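Asks: Before we start, here is the structure in question, set down as structure tokens.
The values are calculated or read from the model by the stated rules, or taken from the named source; none is laboratory data. What you see is a predicted model; the values in this text were computed from it and never measured. Virtual Cβ from ideal backbone geometry, glycine too; neighbours counted across all protein chains shown. These accessible areas exclude ligands, DNA and RNA; they are computed on the full protein's heavy atoms, side chains included. Shrake-Rupley method; radii C 1.70, N 1.55, O 1.52, S 1.80 Å.
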Amino acid sequence: MDEYEPLLLKDFEDSKKFPSLSLVLALCAACIGGTFQYGYNISIINAPTAYVHDFINQTWKERFQTDISEDVLTLLWSTIVSGYTIGGFIGASVGGVLSVKLGRKMTLLANNIFALTAALLLGLSYPAGLFELLIVGRLFTGINAGVAICVQPQYLGEIAPTSLRGAMGMGTSIFITGGILSGQVVGLKELLGREEYWPILLASTCIPAFLQLLILPWFPESPRYLLIDKGDEEGCKKALKQLHGAKCDQEWEDISQERNNLAGLTAKKPWELLRDRSVRWQLLTIVLLNAAQQLNGINAIYFYADYLFKQAGIPSDKIPYVTIGTGACECITALTCGMLIERLGRKALIGGGYSLMSICCILFTLTLTFQDASPIIPYLSMACVFAFILSFGLGPGGVTNILTTELFTQTSRSAAYIIAGSVNWFSFFFIGLVFPFIVIGLQQYCFLVFLVICFSVALYIFLVIPETKNKTFLEIQNEFNQSPNNRALPDMLSLGHTCTYST
């Protein structure tokens, strides 16, 4: 048994390892103006909906001396809301390029220009009597969110030691859910949810931007970017010491090994990555996971939540407070996932999350179908809402971005984030466009569609994706390429083509 003692001791030490204070503060500085903004701006647009409608109608009447038609009002409101997703798509498309040109940290700092511009436009829309500023402002908030969701996970994954990469990566999900919860709280009528405050509520997106501009400059650029992309050995060593302390030899060795392995290679463009057959399984994985993150039914759950709360007898004026409970539930789950990810691993959490969501889809369909059968059924439906949110936060909500970081080496990572981010934002836009028609056509049976998606993704995860816990980026790449399941399917496809041609 003596030969296993060093391994057991290493595992024990890894489990006891905690991030330095500097590393935690760097995480907070990156996230507060990054994915916190993403969640916050998704959330705050809900509270002033009626007030913005009145503002558009009032402005239209002053311009044209007639009330706006219901169809035009709906179109303008839809444009304001969808501007966020269009901006997100644009931001994701440019974020990877900027992260290579400027660096991860400088891109996050420069990204605040979009947030501050958006805050100015949104805040001035009412005093200026121009609802068009709301459309442009939401477009800029979307660009800000798109760049952040693309660059911030890269920064966190590259500054974290291997043993803490999963926990650090969960900062993305924790701050998204924290942003959603903060937006729900600030949007209450006791704070900025009253009619006279709605421009201030929308403009409050400037606060996280100012905080990041004040705090993030005190922390270093990504050590991997400094050494591998810029060849700055002194800058890399200085950054490692600031983030990890004097004992950073292992991190330096990992980065040096990756640099030597990538010697002579430059950062790839998205189209170059798409043509690279050596990473086709990694690409397929991130495309599938990022599409599923938006198409798995989480939006449908939030859509039905208000209806279910009313059915359970909760007064309409109290529903916003119950909705805060769903935001708190998702936030707590993200925190729990952050504590579990280095023990259970990525595969168990994201695969288990999708498996539990599949079960919830079945139960939710049954409870909605028999909603009037018993007084207890609405409460069971509410339980399904919280169970689905917990399952989503446990894995798919947080682990997806971590895997996008871990499945690629330095020269491919930025391009991978452009592709993953574009797929994620397009899926976000698509589900917002198509979902109302799915609900109208299938009603409660729409969750059977999400059941198929969740179950298929869970099956893919268990069959294809290797565990990445406590492995370097090079080890993950090698294991992914050597996996028997990943080699079997191409062989099957090749055999299929041969049979087709032979017939």
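Asks: Exactly one of these conditions fails for A167: (1) open to solvent by 20 Å² or more (accessible area, probe 1.4 Å); (2) among the small types (G, A, S); (3) modelled with pLDDT of 90 or more. Give me its number.
Replies: (3)
Asks: Just wondering, is there one or more residues in the stretch 60-80 that are among the aromatic types (F, W, Y), surrounded by 15 or more Cβ atoms within 10 Å (Cβ to Cβ) and within 30 Å of G166 (Cβ to Cβ)?
Replies: No - not one qualifying residue is present in the stretch 60-80.
Asks: Report whether or not L308 is at pLDDT 90 or above and assigned by the TED database to the domain that holds A420.
Replies: Taking the combined requirement at face value, the residue does not satisfy it.
Asks: How many residues does the stretch 170-194 hold that are assigned to a helix (DSSP H, G or I), open to solvent by 10 Å² or more (accessible area, probe 1.4 Å) and not hydroxyl-bearing (S, T, Y)?
Replies: Of the residues in the stretch 170-194, 9 are assigned to a helix (DSSP H, G or I), open to solvent by 10 Å² or more (accessible area, probe 1.4 Å) and not hydroxyl-bearing (S, T, Y).
Table: residues versus (1) at pLDDT 90 or above; (2) assigned to a helix (DSSP H, G or I).
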{"site": "S15", "(1), (2)": "no, yes"}
{"site": "C31", "(1), (2)": "yes, yes"}
{"site": "G39", "(1), (2)": "yes, yes"}
{"site": "N46", "(1), (2)": "no, no"}
{"site": "Y51", "(1), (2)": "yes, yes"}
{"site": "D54", "(1), (2)": "yes, yes"}
{"site": "T59", "(1), (2)": "yes, yes"}
{"site": "L73", "(1), (2)": "no, yes"}
{"site": "F89", "(1), (2)": "yes, yes"}
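Asks: Now for a separate question. Which pairs do you get when a residue that is assigned by the TED database to the domain that holds G34 and outside any helix (DSSP H, G or I), found in the stretch 119-147, comes within reach of a residue that is modelled with pLDDT under 95 and of a type in the set (S, T, N, Q), reach meaning Cβ atoms under 6 angstrom, with the pair 6+ apart or on two chains?
Replies: G129/T59; F131/T59
Asks: Another question, then. Which condition from (1) of a type outside the set (A, V, I, L, M, F, W, C); (2) in contact with a helix residue (DSSP H, G or I) (Cβ under 9 Å, 6 or more places away or on another chain); (3) assigned to a helix (DSSP H, G or I) is the one that D317 breaks?
Replies: So D317 meets the others, but not (2).
Asks: Which ones in the stretch 111-125 are open to solvent by less than 40 Å² (accessible area, probe 1.4 Å) and under 30 Å from R224 (Cβ atoms)?
Replies: If the condition is that a residue be open to solvent by less than 40 Å² (accessible area, probe 1.4 Å) and under 30 Å from R224 (Cβ atoms), then N111, N112, A115 are the ones that fit.
Asks: Separate question: Give all pairs with beta carbons closer than 7 Å in which a residue from the stretch 399-410 that is of a type in the set (D, E) meets a residue that is open to solvent by less than 10 Å² (accessible area, probe 1.4 Å) and not in a helix (DSSP H, G or I); count only pairs at least 6 apart in sequence or on separate chains.
Replies: Here the result reads E406/T468, each pair linking the stretch 399-410 to a residue that is open to solvent by less than 10 Å² (accessible area, probe 1.4 Å) and not in a helix (DSSP H, G or I).
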